[in-house]
Amino acid sequence: VIQRLNGPITLDGLSIEEAWQNIRPLPMVTMFPSYGNPPSEKTEILVAFDDNFLYIAGRLYDKESSKIQSPSKKRDYFESNTDWLGVIIDTFNDKENALGFFTNPSGLRSDTTVFDDAVPKTPISSPLNTSWNTFWDVKTVWNSEGWFAEMRIPFSSLRFQDKDGRVIMGLKVIRWIPHKNELSSFPGVYPKWGTWSVWKPSQTQEVLLEGVHSRPPLY
């Protein structure tokens, strides 16, 4: 069950408001290089919501913060040479399609759609559409302890179906640390599909949001 925020949030990257204090961090598991271990760096990722927004906060500590990488702020930049915090949301819980929202220590926004359960039709094709853009916000802070981020995604940017205000979605969050070549996720996913293991909607965790209603998208 995704928890509802009980107070206001200032979108500044730090997630230190009282409203965040009762939100439980998700249990992250290393995907590679060594599947099943806890992340080598302290990683606290929180997911919560209010009437209008889904929030994802990351407290991404790094004992070698000087090695954190963030070479770009360009929209939809997507390379492995930067630290990443990402969330993949199967909004209809159909195990086939999803939306991805990613950011790095510089606060860039990268958003994409995922289809066909992230199975490429040919060896050189991609089951992602990175040209898809929607409205959402992110703020980050980068300091000697690591880097910290808050994403705010309007429910009007997520297409989903609710039943009397109850919504079941699939959720996956990831952290990528390039200087360690380490990827951790919730839920833990065994990387038997290679790179595409990260993206598969069928491997997301079903979550429940209560008191949320679908609304038309804003263009």
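The values are calculated or read from the model by the stated rules, or taken from the named source; none is laboratory data. Owing to the predicted nature of the structure, the values given are computational and were not obtained by experimental measurement. Heads up, the Cβs are rebuilt from the backbone with ideal geometry, glycines too, and the neighbour counts pull from every protein chain shown. We work out accessible area using only protein heavy atoms, side chains counted, and drop any ligands, DNA or RNA first. Shrake-Rupley method; radii C 1.70, N 1.55, O 1.52, S 1.80 Å.
Within the set Pro105, Pro120, Pro154, Pro127, the sole residue that is in contact (Cβ under 8 Å) with a residue 60 or more places away in the chain and touching an Asp or Glu at 6+ places or on another chain (Cβ under 7 Å) turns out to be Pro127. Against the definition (over 26 Å from Ile16 (Cβ atoms), open to solvent by less than 60 Å² (accessible area, probe 1.4 Å) and either of a type in the set (S, T, N, Q) or in a helix (DSSP H, G or I) (or both)), how does Thr140 come out, yes or no? The answer is no for Thr140.
Being closer than 30 Å to Ser40 by Cα, at pLDDT 95 or above and open to solvent by 70 Å² or more (accessible area, probe 1.4 Å) narrows it down to one residue among Lys172, Lys63; which is it? Break it down stepwise before answering.
Working: Lys172 fails: open to solvent by 70 Å² or more (accessible area, probe 1.4 Å).
Of Lys172, Lys63, the one residue that is closer than 30 Å to Ser40 by Cα, at pLDDT 95 or above and open to solvent by 70 Å² or more (accessible area, probe 1.4 Å) is Lys63.
Provide a single number: the residues in region 116-125 that are open to solvent by 60 Å² or more (accessible area, probe 1.4 Å) and either assigned to a strand (DSSP E or B) or out of contact with any helix residue (DSSP H, G or I) (no Cβ under 9 Å at 6 or more places or on another chain) (or both).
The first filter runs over region 116-125 and keeps only residues open to solvent by 60 Å² or more (accessible area, probe 1.4 Å), leaving 119, 121-124.
From what is left, the residues that are either assigned to a strand (DSSP E or B) or out of contact with any helix residue (DSSP H, G or I) (no Cβ under 9 Å at 6 or more places or on another chain) (or both) are 121-124.
Selection size over region 116-125: 4.
Mind listing just one residue for me: the one in region 117-157 that is among the aliphatic types (A, V, I, L, M) and within 18 Å of the chain's Cα centre (by Cα) and, of those, farthest from Pro216 (Cα to Cα)?
Kept after step one, since they are among the aliphatic types (A, V, I, L, M), are these residues of region 117-157: 118-119, 124, 128, 138, 141, 149, 151, 153.
Add one more test, that the residue is within 18 Å of the chain's Cα centre (by Cα), and what stays is 118, 128, 138, 141, 149, 151, 153.
On the way: Ala118: 26, Leu128: 24, Val138: 22, Val141: 32, Ala149: 27, Met151: 21, Ile153: 14 Å.
Ranking the qualifying residues of region 117-157, first place goes to Val141.
Based on what the data block shows, is Leu108 buried (at least 19 other Cβ atoms within 10 Å of the Cβ), more than 30 Å from Leu208 (Cβ to Cβ) and at pLDDT 95 or above? When the stated conditions are applied, Leu108 passes them.
Candidates in region 79-95 are the residues that are open to solvent by 70 Å² or more (accessible area, probe 1.4 Å) and in contact with a Phe, Trp or Tyr (Cβ under 9 Å, 6 or more places away or on another chain); of these, the one that is farthest from Ser110 (Cα to Cα) is Phe92.
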